[in-house]
Amino acid sequence: MMQGITKRFGKLVALDNVDLEVRRGEVLMIIGPSGSGKSTLLRCINHLEVPDKGRIVIDGVELNSKSANINKVRAEVGMVFQRFELFPHLTVLENITLAQRIVRGRSQQEAERIARQLLEKVGIPEKAGSYPAQLSGGQQQRVAIARALAMQPKIMLFDEPTSALDPEMIKEVLDVMLDLAREGMTMVVVSHEMGFARAASNRIVFMDQGRIVEMGDPGVFFTNPQHERTRAFLSKILH
């Protein structure tokens with residue numbers, strides 16, 4: 001839950017008094033033009049950015065409370081970035097087991113078992129011994145998703161996870177995300193993939209200039225947007 005979240009970078013107001021609640025098991029899609037505050041919103045949820053004003057509560061823990069253990073909260077929030085952020089000097093298996101061992105305190109054996117299960121889930125079990133540079137962009141992003149899932153987070157954040165990929169690799173990543181949505185994973189997704197929004201999201205949030213302009217069910221949002229600004233944006237991206 002976010003209440004009154006404001007975030008400034010110098011004179012730029014990236015988020016302007018944003019209120020948003022994400023329900024358990026929901027897939028919430030955030031869309032909007034560049035610079036509208038979408039990625040900043042995600043980074044505030046994960047406390048990679050600290051809001052100037054407002055409060056964020058995740059699973060009953062208030063992030064800006066002095067008593068909040070931010071690392072503990074962050075362990076419950078998986079994040080997949082635009083650029084895969086894998087460690088280049090570690091194998092795929094090592095990338096997925098590292099945080100499990102350090103943050104979750106799992107044994108090497110247990111961490112590897114979970115990692116191999118998740119590689120199976122994302123469709124690349126044969127890549128366990130490969131290094132990131134030996135993988136395609138789509139494969140690297142699927143490893144990044146497996147790494148986030150290995151922590152068994154309560155919520156997954158995706159920040160434009162397909163925007164750095166070649167078109168033919170986008171589907172393989174979206175298919176993994178669709179499977180997660182069907183399994184009931186709570187997800188907040190920043191993306192321009194409208195097909196995914198229609199197929200998987202429960203609600204769509206449209207942002208512009210740091211504010212939520214419109215929010216609604218995908219069926220209504222795409223067929224009958226209420227705001228002129230939303231209609232103008234959709235006319236540019238829907239073909």
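Quick check: anything in segment 198-207 of a type in the set (F, W, Y), within 27 Å of G4 (Cα to Cα) and either open to solvent by less than 50 Å² (accessible area, probe 1.4 Å) or modelled with pLDDT of 90 or more (or both)?
Yes, there is a match, as at least one residue in segment 198-207 is of a type in the set (F, W, Y), within 27 Å of G4 (Cα to Cα) and either open to solvent by less than 50 Å² (accessible area, probe 1.4 Å) or modelled with pLDDT of 90 or more (or both).
Can you report the number of residues in segment 108-157 which are open to solvent by less than 70 Å² (accessible area, probe 1.4 Å), farther than 21 Å from S191 by Cβ and touching a residue at least 40 places away in the same chain (Cβ under 8 Å)?
Residues meeting the conditions: 4.
Considering only segment 222-239, state which residues are outside any helix (DSSP H, G or I), touching a strand residue (DSSP E or B) at 6+ places or on another chain (Cβ under 7 Å) and either surrounded by fewer than 20 Cβ atoms within 10 Å (Cβ to Cβ) or of a type in the set (S, T, Y) (or both).
Passing the criteria: Q226, H227.
Just a yes or no: is a residue in segment 213-221 under 14 Å from the mean Cα position of the chain (by Cα) and open to solvent by less than 40 Å² (accessible area, probe 1.4 Å)?
no
In segment 59-87, which residue that is of a type in the set (A, V, I, L, M) and open to solvent by 30 Å² or more (accessible area, probe 1.4 Å) is nearest to D159 (Cα to Cα)?
Among those residues, the one meeting the criterion is I70.
Per-residue answers, yes or no, for (1) closer than 14 Å to T186 by Cβ; (2) assigned to a helix (DSSP H, G or I); (3) of a type in the set (S, T, N, Q):
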position	(1), (2), (3)
G4	no, no, no
R8	no, no, no
L15	no, no, no
D19	no, no, no
R24	yes, no, no
M29	yes, no, no
S34	no, no, yes
T40	no, yes, yes
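Report whether or not E168 is buried (at least 20 other Cβ atoms within 10 Å of the Cβ) and modelled with pLDDT under 90.
Taking the combined requirement at face value, the residue does not satisfy it.
Pairs only if they're at least six apart or on different chains, beta carbon under 9 angstrom, first in segment 79-90 and touching a residue at least 24 places away in the same chain (Cβ under 8 Å) and under 16 Å from M151 (Cβ atoms), second open to solvent by less than 50 Å² (accessible area, probe 1.4 Å) and among the acidic types (D, E); list them, first residue then second.
So the pair list comes out as M79/D159; V80/D159; F81/D159; F81/E160.
What number of residues within segment 128-151 are touching a helix residue (DSSP H, G or I) at 6+ places or on another chain (Cβ under 7 Å) and not in a helix (DSSP H, G or I)?
Qualifying residue count for the region: 7.
Would you call L90 crowded, with 16+ Cβ neighbours inside 10 Å and out of contact with any Ser or Thr (no Cβ under 7 Å at 6 or more places or on another chain)?
No.
Which condition does P88 not pass, out of (1) part of a loop (DSSP other than H, G, I, E, B); (2) under 21 Å from L180 (Cα atoms); (3) not small (G, A, S), if it passes all the others?
Of the numbered conditions (1) part of a loop (DSSP other than H, G, I, E, B); (2) under 21 Å from L180 (Cα atoms); (3) not small (G, A, S), the odd one out for P88 is (2).
Restricting to segment 42-68, what's the tally of residues that are in contact with a helix residue (DSSP H, G or I) (Cβ under 9 Å, 6 or more places away or on another chain), without any contact (Cβ under 8 Å) to a residue 60 or more places away in the chain and part of a loop (DSSP other than H, G, I, E, B)?
6
Right, G105: over 26 Å from A197 (Cα atoms) and either outside any loop (DSSP other than H, G, I, E, B) or open to solvent by 20 Å² or more (accessible area, probe 1.4 Å) (or both) or not?
yes
Mind telling me which of the residues E160, E183 ends up being in contact (Cβ under 8 Å) with a residue 12 or more places away in the chain, charged (D, E, K, R) and open to solvent by 20 Å² or more (accessible area, probe 1.4 Å)?
From the options E160, E183, the qualifying one is E160.
The values are calculated or read from the model by the stated rules, or taken from the named source; none is laboratory data. Keep in mind the model is a prediction, meaning the values are calculated, not measured. Glycine gets a Cβ as well: all are built from the backbone with ideal geometry, and neighbour counts include every protein chain shown. Surface areas here come from the heavy atoms of the whole protein model, side chains and all, with no ligands, DNA or RNA. Shrake-Rupley method; radii C 1.70, N 1.55, O 1.52, S 1.80 Å.
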